[in-house]
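Undergrad: After the structure tokens below, expect a handful of questions from me.
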Amino acid sequence: NLALHGDIGFSVPVNASNFDAREIAMALQHRGALPFRVGQMFGEMVKHLTAGHPDKYTCVAGTMAHYGGDACQPLHVSHLHHGEHESESKVHEVYETRMLDRFAAEFVARLNTELGNKKATGKVTSGAGAADLTVQLMRQTMQRLPPERILEVFRQSAGASQTGALWQELGDDTVAVTAQGSLTLAKLWQSAWAVAGAETKFSAAECKKAIDKNRLRSLY
């Protein structure tokens, strides 16, 4: 089985018999690493907490936020990340940058409403489990908001009103997949904390103490 890639991820596994040699070669050449990087980062977070370094844990957790964010955005985990044709090459920029920049305040407000008092539940206990959870998030994202749907709206709304049309048609689903991504990320952070037994290592005062930004910059 192969996994068709996105820009740094991949969608659901597919059987190689369904594709010709050129398509198989393309999939292998561009196979994504997103779930595997999340798995590596999970191990790093546990390692740093176990060694008594919450600053290093925070640094890795922040980096993981980028990957977790990508995993819940359809165009990041699909081979359609820049459309099917040259004329659609800006779909990624229009949907993920222009649309969200224009409606940022409404997006955040609706996301907070969607999340409400929800808490991350369950626990993963290993890097492999973290990678698997990320694949589940990617699959749920593709099911809730297929990239083909984004392309369809993009094609139908060319012109000055395009960003507004995208938000109007896709806003609810965009908020929903982002909320699921936020809960997944919280679960990964909490799981690493639990696996490392951090509750017994760090006092409440230590956990509330801000980490110097220059320290974080040096770690990055």
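Undergrad: Could you report the chain's accessible area per residue, 1.4 Å probe, as an integer in Å²? The partial results should precede the final answer.
TA: Numbers: 11910 Å² over 220 residues.
That works out to 54 Å² per residue.
Undergrad: Under a straight-distance cross-link criterion of Cα-Cα below 25 Å, which lysines are reachable from residue 208, leaving out those fewer than 8 residues away in the same chain?
TA: Counting by Cα, and skipping residues close in sequence, residue 208 has these lysines nearby: 47, 56, 118, 119, 123, 187.
Undergrad: A follow-up question, please. How many angstrom lie between the C-alpha centres of the stretch 146-171 and the stretch 48-86?
TA: About 25 Å separates the Cα centre of the stretch 146-171 from the one of the stretch 48-86.
Undergrad: How large is the accessible surface of residue 172 in square angstrom, using a 1.4 angstrom probe and rounding to the nearest 10?
TA: 100
Undergrad: Please sort through the DSSP H helices of the chain and keep those with an alpha-carbon extent of at least 30 Å along the long axis and a Kyte-Doolittle average not below -1.0.
TA: Correct list, ordered by number: 162-195.
Undergrad: Can I ask one more? Whole-Å semi-axes of the chain's equivalent ellipsoid, largest first, each the root of 5 times a Cα gyration tensor eigenvalue?
TA: Value: 33, 23, 15 Å, ordered largest first.
Undergrad: Within straight cross-link reach of residue 213, meaning Cα distance under 15 Å, which aspartates and glutamates are found once same-chain residues fewer than 8 apart are removed?
TA: Those aspartates and glutamates meeting the cut-off are 55.
Undergrad: Carbon and sulfur atoms: what percent of the 1.4 Å accessible area of the chain do they account for?
TA: On the way: 6220 of 11910 Å².
Whole-percent figure for carbon plus sulfur exposure: 52.
The values are calculated or read from the model by the stated rules, or taken from the named source; none is laboratory data. What you see is a predicted model; the values in this text were computed from it and never measured. Surface accessibility is based on the protein's heavy atoms, side chains included, excluding ligands, DNA and RNA. Shrake-Rupley method; radii C 1.70, N 1.55, O 1.52, S 1.80 Å.
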